Amino acid sequence: MEKIIKIGLAVLMFGCLLDMPYGYYQLVRFIALIGFGVLAYQANQQSRQTEMFIYGALALLFQPFFKIALGRELWNIVDVIVGVGLLVSLAKKNKK
């Protein structure tokens, strides 16, 4: 389940780099909130406190209720960093 969530979130993050309708970005925020919340919960259950903190912070960053205005360029940078980070965490986990 964790693998599917990470891949799905990474695809959504990279999709934000395209010129999409505003509704897409709102959908990404809702899905990211839920996805990162689930990842934080799973990390907590497995006593991975650092990962839990990171996923919790990402859930708060992407939450759709109190939007954080970073500007399009900065959001694109954040999306790329988060997308790459999710894929790297998958590759790292698969090596173990």
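The values are calculated or read from the model by the stated rules, or taken from the named source; none is laboratory data. No experiment lies behind these values; they were computed from the predicted model shown. Positions of Cβ are generated from backbone atoms using ideal geometry, with glycine treated the same way; all protein chains shown enter the neighbour counts. Areas reflect the complete protein model, heavy atoms only, side chains present, ligands, DNA and RNA absent. Shrake-Rupley method; radii C 1.70, N 1.55, O 1.52, S 1.80 Å.
Quick notes on this one:
- For the range 66-71, 3J(HN,Hα) computed residue by residue from phi via the Karplus equation (6.51, -1.76, 1.60; θ = phi - 60°) reads 10, 5, 9, 8, 9, x Hz, glycine and proline entered as x.
- J(HN,Hα) series, the range 38-50, from Karplus relation 6.51 cos²θ - 1.76 cosθ + 1.60, nearest Hz, glycine and proline x: 5, 4, 5, 4, 5, 5, 5, 5, 9, 6, 9, 5, 5
- Against the chain, whose longest principal axis comes from its Cα atoms, helix 72-95 is set at around 20 degrees.
- In the chain, the portion of solvent-accessible area held by carbon and sulfur atoms comes to 73 percent [1.4 Å probe, whole percent, DNA, RNA and ligands not counted].
- Per residue, the chain exposes 63 Å² of solvent-accessible protein surface, assessed with a 1.4 angstrom probe and all protein chains in place.
- Lysine pair count for the range 1-94 (Cα-Cα distance under 22 Å; residues 8 or more apart in sequence or on different chains): 4.
- Between residue 4 and residue 19, the modelled labels are 3.5 nm apart [label points 7 Å from Cα along Cα→Cβ].
- Alpha-carbon spread of the chain, three principal axes, descending order, Å: 38, 26, 20
- These residues, 79, 19, go from largest to smallest accessible area, 1.4 Å probe, as 19, 79.
- For peptides 2-9, 46-53, 33-40, sequence by mean Cβ density within 10 Å, most packed first: 33-40, 2-9, 46-53
- From helices alone, the chain scores -27000 deg cm²/dmol at 222 nm; the rule is -39500 (n - 2.57) for each run of n ≥ 4 DSSP H residues, then divide by the residue total.
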